[in-house]
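Here's the structure, in structure tokens; my notes come after.
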């Protein structure tokens, strides 16, 4: 993940980013299937009836993963298209600066991109002037038939301290909820990842992990990798104390 402009740190990212962010390893379940399908559709077709997509759900359910997967897929499918990614916190920082010249340098690329990807849009809550900038960006892109994709913790109408005109814009396009992955699906993923590296994790340890690790694929994979590394280093089978030590859990 590299930066095109040192003045816009973490603002404009080169795609493709980490190959871990793709559709094939996104943890799909009944609660995320619609969001996954919508993400695949928006990244594989330029002829859609909508130009805005909003994913919402709790933390650690894979919203960022899905957003990055969209960027990677667009790069592969439409290499001539320009993509911009920004996190809500960084957006606030950039547009809270008082230097008008710097703000102009930041906003101009956003107004000319083909795909605007914004993660954690709820982090601009309570910032009216910043929200006004996003409203301007959204409208400009919409007028030019460009696509805006957002992620947030809550459905648009429930966003706290967000201007009504911006809430309405988020609802203009497609909205898709990402719900927590069910225990059965998560358990199967843990067992499969463990089997792939030749690791045996007892069911009681899997049951423990279900209540102690996030439910997105990268977090699950990282947990299994840490347990495998700890097991190899100690030359011991996986036990609850070993798993806790590997994951730094009490």
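Derivation of every value follows stated rules applied to the coordinates shown; laboratory data play no part. Computed from a predicted model, the values in this text were never measured in an experiment. All Cβ positions, even for glycine, are placed from backbone atoms using ideal geometry, and neighbour counts span all protein chains on display.
Listing 136, 51, 101 from fewest to most neighbouring C-beta atoms within 10 Å gives 101, 136, 51. Cβ crowding within 10 Å ranks 56, 165 as 165, 56, fewest other Cβ atoms first. Helix 100-111 axis versus longest C-alpha principal axis of the chain: approximately 70°, rounded to the nearest ten. Quick check: the angle from helix 33-44's long axis to the longest principal axis of the chain, C-alpha only, nearest 10 degrees? That works out to roughly 50 degrees. GNM remark for the chain: springs join alpha carbons under 10 Å apart, and the peak mean-square fluctuation among 128, 180, 49 falls on 49. Listed by Cβ neighbour count within 10 Å, with the fewest neighbours leading, 58, 196, 47 appear as 47, 196, 58. Every Cα-Cα pair in the chain was counted, and those over 24 Å apart are 51% of them. A viscosity of 1.306 mPa s and a temperature of 10 °C, combined with the Kirkwood radius over C-alpha pairs in the Stokes-Einstein formula, give the stretch 183-243 a diffusion coefficient of 140 µm²/s. Restricting to the chain, compute how many DSSP beta bridges are antiparallel as a %, nearest 5. The antiparallel fraction comes to roughly 5 percent. Here the extension length gained between residue 89 and residue 101 equals 2.3 nm, from 0.36 nm per residue of separation less the Cα-Cα distance. Helix 183-196 against the longest principal axis of the chain: what's the angle in degrees, Cα atoms only, rounded to the nearest 10? Compared with the principal axis, the helix lies near 70 degrees.
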